[in-house]
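The structure appears right after this line, and notes come after that.
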Amino acid sequence: MSDLSIELHWQRAEPVLQTGKYSNEHTVQFNNAFDVLVDSAPDWGGDPANTNPEQALASALSSCHMMTFLALAAKAGWPVASYHDFAVAHLGKNPKGQMSVTRIDLHPVVRFDTGFSVDDAELTQMQDRAHRHCFIANTLADSVEINIR
């Protein structure tokens with residue numbers, strides 16, 4: 001199987017590392033080419049202009065789900081013209097009382113070539129299959145909800 005990696009770099013800007021008095025801003029590099037500025041979520045003092053790990057997790061799930069859906073649709077001969085998703089990571093306390101991403105909601109909107117259509121039940125079934133076969137969803141277990149529009 002594949003080993004997939006990123007490179008992360010953080011450098012303290014303050015003279016001393018003290019609770020609540022340092023920046024979490026750091027860079028995550030993908031494929032030695034793409035740098036993304038990452039920080040804490042705004043509720044935890046991060047810069048809202050930066051990506052945060054919770055958004056990155058929602059992005060990873062949304063991307064994986066879409067790619068799985070497209071692979072299944074191509075196999076079924078469904079001519080998908082476009083796919084849009086709005087993913088939301090919900091923060092809260094898990095059963096152990098620890099802060100976590102308690103749920104991620106996906107809201108995929110699929111458009112097909114003119115003249116092609118599937119009924120709601122077929123689309124729901126295909127989205128369910130995509131969820132079952134998505135690597136990231138399998139990693140996250142039951143914390144994903146798919147709301148088809």
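The values are calculated or read from the model by the stated rules, or taken from the named source; none is laboratory data. Keep in mind that this is a model prediction, so the values were computed, not measured. In this analysis, Cβ positions are derived from the backbone assuming ideal geometry, glycine residues included, and neighbour counts consider all displayed protein chains.
Every residue, every condition in (1) touching a strand residue (DSSP E or B) at 6+ places or on another chain (Cβ under 9 Å); (2) in contact (Cβ under 8 Å) with a residue 24 or more places away in the chain; (3) part of a helix (DSSP H, G or I); (4) over 30 Å from Met126 (Cβ atoms), yes or no:
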{"position": "Ser2", "(1), (2), (3), (4)": "no, no, no, no"}
{"position": "Asn24", "(1), (2), (3), (4)": "yes, no, no, yes"}
{"position": "Asn32", "(1), (2), (3), (4)": "yes, yes, no, yes"}
{"position": "Val36", "(1), (2), (3), (4)": "yes, no, no, yes"}
{"position": "Pro48", "(1), (2), (3), (4)": "no, no, no, yes"}
{"position": "Leu57", "(1), (2), (3), (4)": "yes, yes, yes, no"}
{"position": "Ala60", "(1), (2), (3), (4)": "no, yes, yes, no"}
{"position": "His65", "(1), (2), (3), (4)": "yes, yes, yes, no"}
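Could you tell me whether any residue of the range 36-43 is farther than 17 Å from Ser100 by Cβ, exposed (fewer than 12 other Cβ atoms within 10 Å of the Cβ) and not assigned by TED's automatic domain parsing to the domain that holds Asp85? No - not one qualifying residue is present in the range 36-43.
Go through the range 86-98 and give me each residue that's surrounded by 11 or more Cβ atoms within 10 Å (Cβ to Cβ) and in a strand (DSSP E or B). Scanning the range 86-98 gives Val88, Ala89, His90, Leu91.
One line per residue, one yes/no per condition, for (1) at pLDDT below 95; (2) farther than 20 Å from Ile136 by Cα; (3) touching a Pro at 6+ places or on another chain (Cβ under 7 Å); (4) of a type in the set (S, T, N, Q):
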site	(1), (2), (3), (4)
Met67	no, no, no, no
Ala74	no, yes, no, no
Val80	no, yes, no, no
Lys93	yes, yes, no, no
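Of all residues being without any contact (Cβ under 8 Å) to a residue 24 or more places away in the chain and not in a loop (DSSP other than H, G, I, E, B) in the range 102-139, which is farthest from Leu72 (Cα to Cα)? Just the residue, please. Taking the candidates together, the pick is Thr139. Under the condition of being among the hydroxyl-bearing types (Ser, Thr, Tyr), farther than 16 Å from Gln55 by Cα and surrounded by 10 or more Cβ atoms within 10 Å (Cβ to Cβ), which residue from the range 6-35 is farthest from the chain's Cα centre (by Cα)? Top of the filtered list is Tyr22. Between Val118, Val110, the distinction of being surrounded by fewer than 18 Cβ atoms within 10 Å (Cβ to Cβ) and farther than 30 Å from Glu7 by Cβ belongs to Val118 only.
Specify the residue that is farthest from Asp113 (Cα to Cα); the eligible residues are those in the range 45-85 that are aliphatic (A, V, I, L, M) and surrounded by 19 or more Cβ atoms within 10 Å (Cβ to Cβ). My answer is Ala58.
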